[in-house]
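Student: Sending over a structure as structure tokens; questions will come in a sec.
The values are calculated or read from the model by the stated rules, or taken from the named source; none is laboratory data. The shown structure was predicted, so the numbers you read here are calculated from the model rather than taken from an experiment. As a convention, Cβ positions derive from the backbone with ideal geometry for all residues, glycine included, and neighbour counts pool all protein chains shown. Heads up: the accessible areas ignore ligands, DNA and RNA and are worked out on the full protein's heavy atoms, side chains in. Shrake-Rupley method; radii C 1.70, N 1.55, O 1.52, S 1.80 Å.
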Amino acid sequence: DAASKYYRYHDRNGNKKASAIIDHLLFGYTTLDEEINRAFTKQKGYIYLFQSEAGLLKIGFSTNYKNRLKQLSRWDGELKPLKIVEANLRTELALHRELKKYSVRGGEWYPSTAKEVLLSKLEGCQKS
């Protein structure tokens, strides 16, 4: 079947991590949800809050927030970092779900009127 072919392909090409995950799924040791959950929890990096020249606020996740700042500045003009918090990807996704009612422009951007709420939520991430 397809899963077995995928397993053999990755095994031949030295991708032991993918092979282990496929093993766990094929033999029922874990579920796909558990594997996804594990991946999001392990992904360490930074949640950042940047502000654009227009006043919009951007919350995102990156393992290298300085590079991300440079990338975004190319598209959205000069951005100013307001807050950087060490966290994992799961925390960032939960934060976006919690702040959804404030979001504009694709879900990761927020109006300047939400600045205090965003800073407060990021403070909470820092303490957890």
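Student: Here is a list of conditions, (1) open to solvent by 20 Å² or more (accessible area, probe 1.4 Å); (2) outside any strand (DSSP E or B); (3) not polar (S, T, N, Q), and residue 72 meets all of them except one; can you say which number that is?
Tutor: (1)
Student: Could you check region 76-128 and list, in sequence order, the residues that are assigned to a strand (DSSP E or B) and among the basic types (Lys, Arg)? If you could, list the steps in order and put the result at the bottom.
Tutor: We begin by selecting, within region 76-128, every residue assigned to a strand (DSSP E or B); these are 79-88, 104, 109-110.
Listed by number, the residues that qualify are 80, 83.
Student: Here's a follow-up. Can you report the number of residues in region 87-112 which are open to solvent by 70 Å² or more (accessible area, probe 1.4 Å) and in contact with a helix residue (DSSP H, G or I) (Cβ under 8 Å, 6 or more places away or on another chain)? Show your work before the answer.
Tutor: First, the residues of region 87-112 that are open to solvent by 70 Å² or more (accessible area, probe 1.4 Å): 90, 97-98, 100-102, 105-106.
Those still in the list that are in contact with a helix residue (DSSP H, G or I) (Cβ under 8 Å, 6 or more places away or on another chain) too: 90, 98, 102.
Matching residues across region 87-112 total 3.
Student: Still on this structure, please answer the following. Please find, within region 38-68, the residue that is surrounded by the fewest Cβ atoms within 10 Å (Cβ to Cβ) out of those that are of a type in the set (A, V, I, L, M) and within 21 Å of residue 116 (Cα to Cα). If you could, list the steps in order and put the result at the bottom.
Tutor: Applying the first criterion (of a type in the set (A, V, I, L, M)) to region 38-68 yields 39, 47, 49, 54, 56-57, 59.
This time we only want the ones that are within 21 Å of residue 116 (Cα to Cα), so: 47, 49, 54, 56-57, 59.
On the way: 47: 24, 49: 20, 54: 8, 56: 17, 57: 25, 59: 24.
So the residue we want is 54.
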